[in-house]
Amino acid sequence: MPGRNCVLLAADDASHAAIVREVLEQAHYRVLVAGDGLQALEIAHAERPDLLILGVTLPSLNGFELCSRLRSDPDMRTLPIIMLTSFNEPPYRIRAEQVGVSRFMAAPFDRHELLTTVRTLLDRRKWQAQLVPFQETVRCLLIALQHRAPEVFSHSQRVACLAGDVGRSLLLDEEQVQELVLGALLHDIGKLGLTGDGTDSWEPVYHAVIGARMLCRFRRPTLCAVVRSHHEHLNGTGGPDGLAGEDLALPVRIVAICNRFDRLTGGTPGRQRKAREGLEALKIEVDAGLWDPRVAEHLREVVLRSARLSEAVAAAGRR
Ligand SMILES: [Fe+2]
């Protein structure tokens, strides 16, 4: 079957390897088997598998040594590696982490857990591979913004920091937080497309339309939604589309309110005092229905925690 993912299985116990192989082949993976560490290393370089499952007690090169040798090769740094072993004590787990094992699994294994782990690691690798050229593009766009509009660039950085903290406070997982931070960093990127001479008739929201148009080709719906809708209001009075309520996803609500808070506080010196004034002004707008009250509460906690920390550091410096 063409296009199947290839799994290299390195195990010294033939009967154990046969069981794992059967589970993987039933799930339509192509499986290569190596009985010792050096053979596994040779196959890994020759065949470029998509994932490696290894044990600890391999002849000629044990599982830790094999993993370490593979990780020293730049081409193998992102290879997902599962260590499947009955050596389940903490020293083995710690060593596995040190040599770059992606996931440690105790034997005997559960069939569904193994297949889920394999699928998750393969999906993550595919996603990471797509990310590299995308990140380079993002870097180029941000360099352009930094030179064309340094104040917008600084504003975007502050909004990204705050949005990340609010996202974590709302218990988003780390992948969601990263996408949120990226959206916040790029939320005003459409300003690169404005003429800059005041003749952009649809501003203040036209840059959001341009930004979403620039980024839509990457097919990252959350990112595009954040960029296009960061000037929308919860009650439908914002723009460019007049979206309201449930039509505004959580990442959009977070970036929208962080953007507004940064505009209210201005990012100028003496921010601790301005932060509290900004929160007061924001509260009035939340009560008027512009922003999500739950997100506003988390933003308030994040801002006050940061202000208290800054005050404590300043006080310690004066002592
Ligand atoms: Fe904006």
Residue list for the range 1-24, restricted to those being without any contact (Cβ under 8 Å) to a residue 60 or more places away in the chain, touching a strand residue (DSSP E or B) at 6+ places or on another chain (Cβ under 6 Å) and within 18 Å of Pro80 (Cβ to Cβ): Arg4, Cys6, Leu8, Leu9, Ala10, Arg21
So, in the range 138-193, of the ones that are free of Cβ contacts under 8 Å to residues at least 40 places away in the same chain and surrounded by 18 or more Cβ atoms within 10 Å (Cβ to Cβ), which residue ends up farthest from the ligand (Cβ to nearest atom)? Val177
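Residues that are among the basic types (Lys, Arg): list the strands (runs of 3 or more DSSP E) wholly contained in the range 1-55 that include at least 1 such residues.
Because the criterion is at least 1 residues that are among the basic types (Lys, Arg), the strands (runs of 3 or more DSSP E) in the range 1-55 that meet it are 30-34.
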Expected output for the range 75-97 (first residue under 23 Å from His16 (Cα atoms), partner of a type in the set (Ser, Thr, Tyr) and crowded, with 18+ Cβ neighbours inside 10 Å, Cβ below 6 Å, 6+ apart or cross-chain) is Pro80/Ser102; Ile81/Ser102
Does the range 56-68 include one or more residues that are farther than 19 Å from Asp12 by Cα and buried (at least 18 other Cβ atoms within 10 Å of the Cβ)? no
Of the residues Leu234, Leu248, only one is over 21 Å from Leu131 (Cα atoms), at pLDDT 95 or above, away from the ligand (no atom under 16 Å from the Cβ) and crowded, with 16+ Cβ neighbours inside 10 Å; which? Leu234
I need the full set of residues from the range 176-212 which are touching a Phe, Trp or Tyr at 6+ places or on another chain (Cβ under 9 Å) and modelled with pLDDT under 85, in order please. Asp200
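The values are calculated or read from the model by the stated rules, or taken from the named source; none is laboratory data. What you see is a predicted model; the values in this text were computed from it and never measured. Positions of Cβ are generated from backbone atoms using ideal geometry, with glycine treated the same way; all protein chains shown enter the neighbour counts.
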